[in-house]
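Derivation of every value follows stated rules applied to the coordinates shown; laboratory data play no part. Computed from a prediction, not measured in an experiment: that's the story for all the values here. Every residue, glycine as well, gets a Cβ built from its backbone with ideal geometry; the counts of neighbours run over all protein chains shown.
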Amino acid sequence: MSRKKTVQRILELEEDDLQALCEAADAAILDGGGFGWITPQGRQVLERYFRGLLLVPERMLFAVRQHGVIVGCAQLVRAPRNNESQAMCVTLMHLFVAPYARKCGLGTQLLHEVENAARSMGYRVLNVDVSATQTGAVSLFRKAGFQQWGTHPHYARIGEQTVSGLYFTKLLDATRAPFPHPFAEDPRMTQAEASSAPSSSRALTLYPAIDLKDGACVRLRRGEMNDATVYSDDPAAQARAWCNAGFKWLHAVDLNGAFAGQSANVPAVRAILEATTVPMQLGGGLRDIKAIASWLEAGVTRVILGSVAVKNPNLVREACRLFPGRIVAGIDARSGHVATEGWAEVSDMQATELALRMQEAGVAAIIFTEISRDGMLEGLDLEQTVALANTVTIPVIASGGVGNIEHLAALRKAAEHAHGIEGVIVGRALYDGRVSPAEALKVLG
Ligand code: AMZ
């Protein structure tokens, strides 16, 4: 794939990218441009640094390109796993653009994309600190809506001089975001909540399922196409109804698409996008970059990749590079084994193994469905969901089997011991009125 996005998350460094990155870092160091080192370190040290960086699970590297060449980067650093109370925070570090590429807005673009990626990954607080001497960076953060909450008088030592440091923070709730962003309608956490909520009492997101078959909104039992209940022949109206009921996300699946290997319910998905403003994740039949890109450009917030996660992991990796924070793996399992192609095929792959591979590929989250429970109203497979959430470090969305409010309460309880559980997909129980939206939001909130 030759097309390279201006800003992308870097999971692996090809030689030319590594050299460009070292070049940019060197130039920034020489310029006193804020990459930590005061004196140039030589190419080998920088190469080892960047290669090592990619191995640290708490760190994520983002690069910005000019004419396809890396000219700057930034890192997101999350708290160690034991630090539950700060699980919603992430720190931005070492954002820089090489002096030869400045004044083109690349720093702003880099910040914008990194912030969006942090938001997409579920972080709610973005912290950054910077030496007061870095006036360019200081004004960049201020313009982007960061609040300065403190000054450290003895922040750093540069030569003989002690310099002060400025501490900034930004809440990633959408209403305050200066940048247009697909999550802009997501007011899940208000400012007050974000500052007071410990991670263990965080709200779980409820994703109402909109499964599309032949243009209508249906629910299947155990994924069988010939066991469909039609709930609405106007999916856009149904989506609007779920938004009016207070749900902050939509989960749409193009069922014909999942079987056919390409999008099939295009008019219905487009109608939903036009009728609603909340973010939507979409899966079913997305098997190449073109299809993924076109839905993300059309307004879908995150795409769900199922079959290709098993059959073409390199494609997932590429998609994650191109669209950081916007690719989710849909792992659908029958007795622990992953199913593909509309669940018509079952592979040898274990769900946990695939989850680890997908995490490594860079997906923002995993949706885990136990097929034997889907549409059956008998409760989620909590055991498998908890095991999975405790195996990976990215968020896990539970799916398949919610039949009543107690099932949601049980998930909420389980999430206390499996902090990776981020939300739950509910279908039939909502459509049948067995779970009321208000009650569900209360239990999960
Ligand atoms: O119900 C089914 N038979 C079904 C279903 N709900 N088959 C696939 N899917 C969903 C998956 C995932 O969200 O849960 O389609 C998506 C995966 O599609 P694909 O085309 O990437 O495998």
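Observations on the model:
- More than 35 angstrom apart: percent of Cα pairs within the stretch 203-444: 4
- Inter-part distance where the stretch 257-277 and the stretch 377-445 are each reduced to a Cα centre, Å: 25
- Neighbourhood charge, 14 Å Cβ-Cβ cut-off, centred on Val310 and excluding it, Lys, Arg +1 and Asp, Glu -1: 0
- Rg/Rg_globular for the chain, with Rg_globular taken as 2.2 N^0.38 Å and Rg from C-alpha atoms: 1.00
- Per-residue [θ]222 nm for the chain (sum of -39500 (n - 2.57) over DSSP H runs n ≥ 4, rounded to 500): -9500 deg cm²/dmol
- Among the listed pairs Lys143/Lys442; Lys5/Lys213; Lys170/Lys413; Lys5/Lys442; Lys103/Lys311, those with a Cα-Cα distance over 32 Å are Lys143/Lys442; Lys5/Lys213; Lys5/Lys442; Lys103/Lys311.
- If you take the Cα centroid of the stretch 307-360 and the Cα centroid of the stretch 111-134, the two points sit 28 Å apart.
- Values of log10 I(q)/I(0) for the stretch 261-338 across q = 0.11, 0.14 Å⁻¹ run -0.28, -0.44, by the Debye formula with one identical scatterer at each alpha carbon and no solvent.
- The residues packed around Pro267, meaning those with a beta-carbon under 15 Å from its beta-carbon, carry a net charge of -3 if Lys and Arg are +1 and Asp and Glu are -1.
- Listed peptides 136-146, 37-47, 261-271 by packing density, highest first (mean Cβ within 10 Å): 261-271, 136-146, 37-47
- Pairwise Cα inverse-distance average, inverted: Kirkwood Rh of the stretch 7-177 (Å): 16.5
- Pairwise FRET efficiency - Glu360 versus Thr229, Cβ, R0 = 45 Å, nearest 0.05: 0.75
- Taking Cβ atoms as reference points and 14 Å as the exclusive limit, the residues near Ile394 contribute a net charge of +3, counting Lys and Arg as +1 and Asp and Glu as -1.
- The C-alpha atoms of the stretch 9-73 occupy a region whose extents along the principal axes are 28, 27, 18 Å, arranged from largest to smallest.
- Candidate membrane-span-like segments in the chain, meaning DSSP H helices with Cα atoms spread over at least 18 Å of their own axis and a Kyte-Doolittle mean of 0.0 or above, are 15-30, with no membrane implied.
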